[in-house]
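The next block holds one structure in the form of structure tokens; read it before the comments.
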Amino acid sequence: MTLQLGDQAPDFTVETTEGKLNFYEYLGDGWGILFSHPKDFTPVCTTELGAVAKLKGEFDRRNTRVIGLSVDPLDNHEKWLDDIEETQGARVNFPMIADPDRSVSDLYGMIHPNANDTQTVRSVFIVGPDKKLKLTITYPASTGRNFDEILRVLDSLQLTADYSVSTPVNWNDGDDVIIPVTVSDEDAQVKFPKGFTTLKPYLRVTPQPNR
Ligand code: BEZ
């Protein structure tokens, strides 16, 4: 069954490059990102893992723990991490799940047989502190992901979890936000003391409330 937004993120216990771990314990009370890679020793994946390692400070700042997955075994992962450090200039600083029996890949529907029946696609799952799925993205093996976009989405998810707002097209942290139609003008005056602009009754914008 396909996992959908709002579903409980399935828990699991697995072997990783940082030892055996339980997913929920690893996430603690914070946010989490689980992302899959088709295969070890492949070029696009190598660049992605180096990029995510360089962004660790950004994920920490957002109280978010990152965990990668590939269906290859642990000893391959360990050798591959050396290559990633050598070619990308960053050591992978988060656990990489070894999933040769595909237990986690199957739990999260990361294998799409019409694309490839033995390798995972490039899935991304963002899990909230309530362990519910807040975002799912699926990329094909041939296209590397944009982890700046994943940080941008995380900023939106964290903001909209705390405030009654939505974020518009191409929004970045610090930009104006949208007041949902479910908030009346009277309530908006109380919730958004910086004021708001009404472009249409259904399109009201206000400065980002936590800035
Ligand atoms: C890659 O990471 O470059 C890759 C992996 C599997 C299929 C195609 C590309």
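List of remarks:
- Count of region 54-90 residues which are within 15 Å of the chain's Cα centre (by Cα) and open to solvent by 50 Å² or more (accessible area, probe 1.4 Å): 6
- Arg65 fulfils the conditions (1) within 16 Å of the ligand (Cβ to nearest atom); (2) in a strand (DSSP E or B) except for a single criterion, (1).
Table: residues versus (1) within 15 Å of the ligand (Cβ to nearest atom); (2) buried (at least 19 other Cβ atoms within 10 Å of the Cβ).
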| site | (1), (2) |
| --- | --- |
| Ile126 | no, yes |
| Lys131 | no, no |
| Lys134 | no, yes |
| Ser142 | yes, no |
| Asp148 | no, no |
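- Pairs meeting the criteria (first residue in region 129-143 and in contact (Cβ under 8 Å) with a residue 12 or more places away in the chain and under 27 Å from Asp29 (Cβ atoms), second residue open to solvent by 50 Å² or more (accessible area, probe 1.4 Å) and in a strand (DSSP E or B), beta carbons under 8 Å, at least 6 apart or on different chains) are Lys131/Gln8; Lys132/Gln8; Leu133/Gln8.
- Counting the residues of region 179-206 that are under 30 Å from the mean Cα position of the chain (by Cα) and open to solvent by less than 50 Å² (accessible area, probe 1.4 Å) gives 7.
- For the residues Asp187, Asp173, the requirement of being under 21 Å from Asp148 (Cα atoms), out of contact with any Pro (no Cβ under 8 Å at 6 or more places or on another chain) and among the acidic types (Asp, Glu) singles out Asp173.
- Residues of region 1-53 classified as under 17 Å from the mean Cα position of the chain (by Cα), away from the ligand (no atom under 16 Å from the Cβ) and of a type in the set (Asp, Glu), total: 3
- In this entry, Gly50 passes the filter for residues that are more than 20 Å from Asp101 (Cβ to Cβ), open to solvent by less than 30 Å² (accessible area, probe 1.4 Å), out of contact with any strand residue (DSSP E or B) (no Cβ under 6 Å at 6 or more places or on another chain) and without any contact (Cβ under 8 Å) to a residue 60 or more places away in the chain.
- Applying a threshold of 8 Å to beta carbon distances and a minimum spacing of six or more residues, or different chains, the list of pairs starting in region 1-19 at a residue that is free of Cβ contacts under 8 Å to residues at least 60 places away in the same chain and of a type outside the set (Gly, Ala, Ser) and ending at one that is part of a strand (DSSP E or B) and open to solvent by 40 Å² or more (accessible area, probe 1.4 Å) reads Thr13/Lys20.
- Every condition in (1) under 20 Å from Leu135 (Cβ atoms); (2) assigned to a loop (DSSP other than H, G, I, E, B); (3) open to solvent by less than 10 Å² (accessible area, probe 1.4 Å) holds for Asp40 except the one numbered (1).
- Just one of the listed residues (Leu21, Leu49, Leu34, Leu5) is among the hydrophobic types (A, V, I, L, M, F, W, C) and assigned to a loop (DSSP other than H, G, I, E, B), namely Leu5.
- In region 158-177, residue surrounded by the fewest Cβ atoms within 10 Å (Cβ to Cβ) [restricted to those that are assigned to a helix (DSSP H, G or I) and touching a residue at least 40 places away in the same chain (Cβ under 8 Å)]: Asp162
The values are calculated or read from the model by the stated rules, or taken from the named source; none is laboratory data. What you see is a predicted model, and the numbers here were worked out from it, not measured in a lab. A quick note on method: Cβ atoms are made from the backbone with ideal geometry, for glycine too, and the neighbour counts reach across all protein chains shown. The accessibility values were calculated without ligands, DNA or RNA, using every heavy atom of the protein model including side chains. Shrake-Rupley method; radii C 1.70, N 1.55, O 1.52, S 1.80 Å.
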